[in-house]
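Take a look at the structure set out below.
Computed from the coordinates by the stated procedures, all read-outs in this text should not be read as laboratory data. Bear in mind that the values here come from a model prediction, so they are computed numbers and not experimental data. Cβ sites come from the backbone with ideal geometry, for glycine too, and all protein chains shown count toward neighbours.
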Amino acid sequence: MTPPVPTYKLNSGYTIPLIGFGTFGGADAPDAVYKATKVALKVGYRHIDTAFYYETEEALGKAVKESGVPREEIFMTTKLWQTFHEPKHVRPACELSLKYLDFKYLDVYMMHWPMAWEFKGYDFKSIKVRDESNDIKCIDVPVIDTWREMEKLVKDGLVRSIGVSNFTIPMLEDLLSKCEIPPAINQVEVHPNMPQEEMLAYCKSKNILVTAFSPLGSPGFPQGGQIKTLEEPVILEIAKKYNKSPVQVMINWGVNRGYAVIPKSVTPERIQANLEYFKMDPEDIEKITDIGRKNRVRTCDPVFMFGKSNDVFHEHDKK
């Protein structure tokens with residue numbers, strides 16, 4: 001019998017399943033995500049991750065409503081986009097996400113990236129506008145100013161927990177020194193080529209859960225470098241040992257290390273397989289972790305995505 005998916009009690013008091021369903025996608029994302037989420041809910045997923053930027057909130061809300069799964073059984077995460085960091089835009093942005101989802105509250109509302117951009121409107125086209133040099137310039141909005149508005153969302157009942165995404169340790173330290181409500185989660189890129197050992201240890205010491213995006217190294221979508229985790233000999237060897245797929249090994253490598261993972265798929269068989277939890281021997285976890293100690297590479301490169309003025313990570317990567 002397959003063991004149940006482990007859960008974690010956040011510092012806010014709420015419980016989150018450690019295997020979730022990721023919903024970032026391409027041009028066909030809304031329709032594909034709608035169909036895939038219905039499958040995911042049917043096979044047992046109760047943790048769903050999205051963002052305003054993904055343009056999938058409305059599709060997710062529809063899938064949840066049609067699934068028959070009670071809202072209170074679902075842990076839903078969505079995110080505040082960079083163009084909404086000015087304090088006056090935080091609550092309207094959250095309310096817009098709630099409107100698209102057709103929910104009364106969010107389980108976690110995250111700051112998607114730790115930089116602010118100029119507000120250009122609340123529509124999807126406006127939030128993706130670049131300048132003539134294909135860059136997006138940052139504006140001066142202190143993270144704590146945005147965060148204090150997010151704290152108000154908790155106090156007003158729109159959001160149960162608040163978190164951050166793509167924060168480095170110095171960013172977390174600065175936020176923790178100023179905030180009233182600490183972040184419950186830091187969502188960052190974690191996979192065998194980016195094991196984030198320092199970040200995991202730091203967040204554990206502060207009772208902040210790490211959630212891993214791109215837990216498979218984003219096969220077929222390299223931005224920081226070519227990452228072929230599915231072909232790693234060590235992972236193939238361990239997959240054979242447990243009679244699991246390489247994907248299942250990487251997902252469970254994460255869960256066994258104590259953090260949440262949010263793999264994405266639109267294939268029913270893979271969606272179900274990705275939810276299967278199993279325990280791994282410590283020596284196998286160590287072997288996979290060692291891959292990234294020798295070859296640390298990002299797939300989600302902020303310079304590639306947003307332009308050179310948004311590079312706040314590479315110096316940290318070199319350490």
- Task: Considering only residues that are free of Cβ contacts under 8 Å to residues at least 40 places away in the same chain and in a helix (DSSP H, G or I), look in the stretch 85-123 and name the one that is farthest from Lys62 (Cα to Cα).
- Result: Lys88
- Query: Are any residues in the stretch 24-43 farther than 15 Å from Phe124 by Cβ and touching a strand residue (DSSP E or B) at 6+ places or on another chain (Cβ under 9 Å), and if so, which ones?
  - Reply: Ala36, Thr37, Ala40, Leu41
- Query: What's the number of the condition Tyr202 fails, among (1) of a type in the set (Phe, Trp, Tyr); (2) outside any helix (DSSP H, G or I); (3) out of contact with any strand residue (DSSP E or B) (no Cβ under 8 Å at 6 or more places or on another chain)?
  - Reply: (2)
- Note on the structure: Looking across the stretch 247-270 at residues that are under 17 Å from the mean Cα position of the chain (by Cα) and part of a helix (DSSP H, G or I), the single one that is surrounded by the fewest Cβ atoms within 10 Å (Cβ to Cβ) is Val255
- What tally of residues in the stretch 243-299 results from selecting those that are more than 17 Å from Thr23 (Cβ to Cβ), in contact with a strand residue (DSSP E or B) (Cβ under 9 Å, 6 or more places away or on another chain) and among the polar types (S, T, N, Q)? 2
- Mind checking which pairs have a first residue in the stretch 165-176 that is free of Cβ contacts under 8 Å to residues at least 12 places away in the same chain and outside any loop (DSSP other than H, G, I, E, B) and a second that is surrounded by fewer than 20 Cβ atoms within 10 Å (Cβ to Cβ) and of a type in the set (Phe, Trp, Tyr), Cβ under 9 Å, 6 or more apart or different chains? Glu173/Tyr202
- Query: Would it be correct to say that Thr37 is in a helix (DSSP H, G or I), polar (S, T, N, Q) and buried (at least 24 other Cβ atoms within 10 Å of the Cβ)?
  - Reply: yes
- Query: Taking the stretch 172-202, which residues are in contact with a Leu (Cβ under 7 Å, 6 or more places away or on another chain) and either of a type in the set (Asp, Glu) or buried (at least 22 other Cβ atoms within 10 Å of the Cβ) (or both)?
  - Reply: Pro183, Ala184, Ile185, Asn186, His191
- With respect to Phe21, is the statement that it is aromatic (Phe, Trp, Tyr) and touching a Lys or Arg at 6+ places or on another chain (Cβ under 7 Å) true? no
- What are the residue pairs meeting all of these: first residue in the stretch 33-47, first residue charged (D, E, K, R), second residue assigned to a strand (DSSP E or B), Cβ atoms under 7 Å, and 6 or more apart or on different chains? Arg46/Pro17; Arg46/Phe75
- Message: Restricting to the stretch 94-115, count the residues that are more than 17 Å from the chain's Cα centre (by Cα) and surrounded by fewer than 23 Cβ atoms within 10 Å (Cβ to Cβ).
- Response: 9
